[in-house]
Structures are given as structure tokens and as C-alpha cells.
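Only one structure is covered here, and it is reproduced in the block below.
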Amino acid sequence: MKISEGLREDGIVVGNVYDKYGAKNPLVRRIMKGFADSLATLVSKAAPKTIHEVGCGEGFWVFEWTRQGIEARGSDFSEKVIALARENAQSRRLSPGLFSTRSIYDLDAERDGADLIVCCEVLEHLENPQAGLAALERAASGQVILSVPREPLWRILNLLRGKYIGRLGNTPGHIQHWSDGQFIDLVSRFFEVVDVKMPIPWTMLLCRKGAEAMAVSPLFKRWLHIAGGFLGLAGLFFVVRRLLAYSDQIDLCRFDAAAWVMLLLLALIYGLANILLARAWWQLLPVLGLTVRWRWALKAYGLSQLAKYIPGNIFHLAGRQALGMAAGLPTVPLAKSAFWELVLIAVSGTLFGILALPLVWGSFSMAAAAILFLAVVGGLLAIVRHTISPAVSAVLFLQIVFLTISGIIFVAVLALVQVANLPFSSAGIICGAYVVAWLAGLVTPGAPAGVGIREMVLLFLLGAQIAQADLLLAIVLGRGVTIIGDVFYFTLSGLIKPLKN
């Protein structure tokens, strides 16, 4: 059988580095027999009529199961290794159509489902194994067999046989490393582990979908879509009520046409800035093992966002949860994404308190506050990137950019109200105060979109700096700008062509 022998595609090692199935070394043969016996036991226990091997390499196991009378097929991300698998199939007078080129991240339940999905020696090669497991969970209609090298035993055995000494025994292409307990803990987040085999030096699991991860029925999906849509419309209703409540506090005659055009432009900018939050949420999802299309995330985030105006301040999260479940996403990781999004944006918002320091510490200059703010933000992003995850660092960055834009928009609104009376040097302080007030509204239970709380905190922080009448008018106009911006983003999301996750 032809093997890749360390072939690389796009800089990634594909297939098998050496022919471990045809090895003559008695120790390697004994080890491979242990692997084959364990795999055969789990396949027998699953008793499938059809098998899809994800990461099939050169096709060894697909040929073996086909020989046993099981309808088997395989897929692999590498076009080169699939070409070898097809050559191997033809040499056995089997159809090369048994093999297809496909990334694990692109698995689809309708196209790729089978009684049993086998994914052996794949996850250790992935930059995002959680996303790989989530894709397997979506595609699986029955049971799943997973195996990975058991560390540090794998490296030790490589060193004992004199291989990869310069790499401390690490096989080329292995970028993830788990002990048996670590791997079981990881997989248990996505599947119910039915059986565990420990052929030296692997960890091999037979899994099935738990009740929480079972496919959502079409009827339940329909009701979830209805619930998500209802929350969006309810949010729109409360938005209209809020605008009407503010309308008698605004002296419309005070502003000329150019000022109203500027306010509308600021609202549109705020609405588009919400895309940054949607992007941050989308980048957070893979950290929790969920992979979704960007357009789907953009639409789901926008359709649910207006529900934050419903009293309770949680219904935008509930709407997003309903839309995600309707798309087949697992419940727990989806709920975790909402929790961690709130935690991260609270951290981001807290940083802006540095810009507001001159309000409570008169000797602290705006320039010093700005320098300290930039230093802390840069340091935090670097620390998070290197100690937690580049993706989490990117989420924080996007949220900080959104909050900066929001603060600048409020400064612009206040400048329209005060015309030339607002000193440029105070812009950073006002931006920081606005974001602190925004954060206070966010973390206050029951306050829809922070209504009332944000305004109260702004009056407290800036009341001594700005004339009360001007500040109150700017606060009311600022709320109107954000509401119109949210409606604009909601409308824009509704125009996105419906797309399955």
C-alpha cells in the first residue's frame, strides 16, 4: 500500500510518516496489533452497517472494513493523501469514489453522517481540536470512535527507539498532547464516553451523543426560531416605546438640518460598530468548541440584539441561545459563550475607568491617563495572547475597539450640543466616563440595555464638568443614537440571506 512518508501539504505533514501497518520491527508489529484489536473490539460493539472515517489517510482501515462487508468510506483534508488513497483503492479494484477531500471542520450531518464515525490519529494534528470535536458532534448520527497518542508515553517510546530525538520524541505534525485523563475530559464536553481502550501508546474512546447533544427535532427547531424572532420583535416594540418616552425631552428646534444629519450618521456608525461585537462572539465560539459560519453569526447576533431592551436585560442572550439551538449547536457551550462574552466585555469596559481617573483624582492629567490606558490595554492583550489564547486576545481587542467607538460617538453628540464649548482635551475623560456608565448599565440586573442606569452614572460623573441642561440633552440624544443604531443593525441583519450554520 502506498503511504505518504512524511508528505507535506501547505506546510502540514499529511498521512503516515512511515508504514506502521507494514512494519517488520516485531515491537512495532506488537504495538500495532494492540491498536487494531482495540479498534476491532469497539467497532464490533458499535455494530455499524456504515462507517465514515474522518482523517482516513491512505485508506488502510476503509479497505479493512470494506473487506469485512461493512459499507465504509473515508475523507481527509489533504488532496495529496486522498490521491494516494484512490490509487490504493484502484489497486484493490475498489472505487476511488470511496474517498473524498474534506476538512474535519466542514463535516455535514446529511452528507457525512454514518452509523459510526471513526476519527483516529487526527485531533492531535489540529490547531483547534475543540472545533474538530464540535464538527464531529454535528455530523454524528450514531456513535463515534476517537483515538489519540497517549502522552508522555508516546514521546518516551519514540525516544527509546531512537526517533525524533531532536524533537524530544514528538512525531512531526503532532501539535496537541493529552494524557488519557485529559483526553477523556475534553471529549466528555461533547459526547458521552461509552467505552475506553488503552492500547499502548494510545487512548481510544467509543462515544455517543448525550441527551443534551442529540439532534433537535424539526418541530422544536421551528419553535426555537419563532421564540428568537418573537424576542427580536418584542425588543423592537420596547425600543419604540423608549423613543417615544424620550421625545418630549428633546428640543427639536435647537438643531439645524446639518446637526440632524450628523446624529443620523453617528447612529449608522454605532449600528455598524455592532459588527465588531458579533465578530468577537464569532471568534469566541471556537474557543468553546463551536464552529459556525461568519454570516450566520452576524445574522444571529443582529436579530437577537434588540431583545436587550426588554426588561430583564438578558433576553438578547436568550434569543441568541434559541437561534443557536435551532441551528443545531450544543446547549452548554452556547450558554458558556454568552457568559464568557459578558465577562470579557466587563473586563474591557473596566479598563476605560483609567481614562476617567482625572475626574476623581484631579492631579492626574488626561495625557497620563491616556498613556496608562494604552499601556495597560497593550500589556493585557499580550499576556492573554501568550497565556490563554490568541483568539481570546482578539475578542478583547474587538470589544475594546467597539467601546472606544461608542465613547467617541457620545463625545461627538455632546460636542453637537455644546457646539464650541467642549474642550478637545476632555474628550478622553468623557469617553472613559461614558464606557464606565455603559458598563454599570450592563451589569445591573433587570435594566433593559442599561436604561436609566447609564444616564444616572453619566450625570454623577460628568455633572460637575458640564452644564446640567447640556449634559441631560446629550444623554437623551446619545440614547436615541444608540437605539437607532441598534435598529439599523437589526434591519441589516434581517437582510442577510438565510444561511444554515
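What follows draws every value from the coordinates through simple rules; no lab data is involved. It should be emphasised that the depicted structure is a prediction, and the values quoted were computed from it without experimental measurement. With ideal geometry, Cβ positions are generated from the backbone for all residues, glycine too; neighbour counts draw on all protein chains shown.
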Practice problem: Cross-chain or 8 or more residues apart, Cα under 27 Å: how many lysine pairs in the stretch 8-213 fit that? Count them up, please. | Solution: 20
Quiz item: Farthest toward the dipole's positive end in the stretch 8-213, which of ALA131, VAL148, PHE183, given Cβ charges of +1 (Lys, Arg) and -1 (Asp, Glu) about the Cα centre?
Solution: VAL148
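In nm, what is the difference between 0.36 nm times the number of residues separating VAL343 and TYR164 and their Cα-Cα distance? It would help to have the intermediate numbers written out before the result.
Values: separation 179, 0.36 × 179 = 64.44 nm, distance 4.23 nm.
Full-extension gain reported as 60.2 nm.
Could you calculate the FRET efficiency of ALA464 with LEU495 from 1/(1 + (r/R0)^6), where r is the beta carbon distance between them and R0 is 51 Å, rounded to 0.05?
Numbers: r = 45 Å, r/R0 = 0.87.
The computed FRET efficiency comes out at 0.70.
What FRET efficiency do you get for GLU192 and HIS386 if R0 is 41 Å and r is their Cβ-Cβ distance, rounded to the nearest 0.05? Mind dumping the intermediate values first?
Numbers: r = 35 Å, r/R0 = 0.85.
Approximately 0.75, to the nearest 0.05.
Run the numbers for ARG293 and ARG93: contour at 0.36 nm per residue of separation, minus the present Cα-Cα distance, in nm. Before the final figure, lay out the partial values.
Numbers: separation 200, 0.36 × 200 = 72.00 nm, distance 3.89 nm.
Length gained, ARG293 through ARG93: 68.1 nm.
Starting from the Cα-Cα distance between ILE156 and SER44, subtract it from 0.36 nm times their residue separation and give me the gain in nm to one decimal. Show your work: numbers first, answer last.
Values: separation 112, 0.36 × 112 = 40.32 nm, distance 3.11 nm.
My answer for the length gained is 37.2 nm.
Assuming R0 = 22 Å, can you tell me the calculated FRET efficiency for the pair THR331 and ASP106, based on Cβ-Cβ distance, to the nearest 0.05? Walk me through the numbers on the way to the answer.
Working: r = 23 Å, r/R0 = 1.04.
It comes to 0.45.
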